[in-house]
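Down below is the structure, laid out as C-alpha cells.
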Amino acid sequence: QLQLIESGGGLVQPGGSLRLSCAASGRIFSNYYIGWFRQAPGKEREFVGYISGSGFSESYAGFVKGRFIISRDNAMNSAYLQMNNLKLEEAAKYYCADDQAAGTGTAEYENWGRGTQVTVSS
C-alpha cells in the first residue's frame, strides 16, 4: 500500500483556482492509479478524476468540464489536482486514493489519504 497525504486546500473565492497535492510513500508510486474524490457535508463521496500510473491516461467526472486537470510527477511520488473556476457548491473535503486499475467508484480504491478541505466562499 501507499501512504497518501493530501495538501493544498484552503479558502478560495468563486471563480478562483487551487492546486491540491497528494504525496505518496511506501511502494512504487508509478504502479498505481491515483484517483481524486470529494465529499461535502451530508453528501456521498464522489469521483472527480483519476490518472494512470504512467500519467498518460486521465479520466474526469462530467461536472469537471475542462476546469480541472490531474497530473503526476513520479520522480517526486506526487500527484496533483489543479482546479480552476471553482464554484460555491464545490466546497468539500478532497481526497486522493490509489488503486492498481482504473476506476470511478469509491469501492474500487483500496487506500485513501485523510483529505484536505477546500472552502469556496466570497
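The values are calculated or read from the model by the stated rules, or taken from the named source; none is laboratory data. Predicted model, so just to flag it, every value in this text is computed and none were measured. Cβ coordinates were reconstructed from backbone atoms using ideal geometry, including for glycine residues, and neighbour counts include every protein chain displayed. Calculation scope for accessible area: heavy atoms of the full protein, side chains included, ligands and nucleic acids excluded. Shrake-Rupley method; radii C 1.70, N 1.55, O 1.52, S 1.80 Å.
I'm trying to understand the selection: among the residues of the range 105-122, which are open to solvent by 70 Å² or more (accessible area, probe 1.4 Å), at pLDDT 95 or above and of a type in the set (S, T, N, Q)? Scanning the range 105-122 gives a single hit, GLN117. Look at the range 67-102 and say how many of its residues are surrounded by fewer than 17 Cβ atoms within 10 Å (Cβ to Cβ) and either small (Gly, Ala, Ser) or not in a strand (DSSP E or B) (or both). Adding up the residues that qualify gives 13. Considering the range 50-64, the residues that are farther than 18 Å from TYR32 by Cβ and not aromatic (Phe, Trp, Tyr) include one that is modelled with the lowest pLDDT, namely VAL64.
Restricting the range 55-66 to residues that are free of Cβ contacts under 8 Å to residues at least 40 places away in the same chain and assigned to a strand (DSSP E or B), which is most open to solvent (accessible area, probe 1.4 Å)? If you could, list the steps in order and put the result at the bottom.
From the range 55-66, those free of Cβ contacts under 8 Å to residues at least 40 places away in the same chain are 55-56, 58, 60, 62-66; that's our starting set.
This time we only want the ones that are assigned to a strand (DSSP E or B), so: 58, 60.
Numbers: GLU58: 88, TYR60: 71 Å².
Filtering first and then ranking leaves GLU58.
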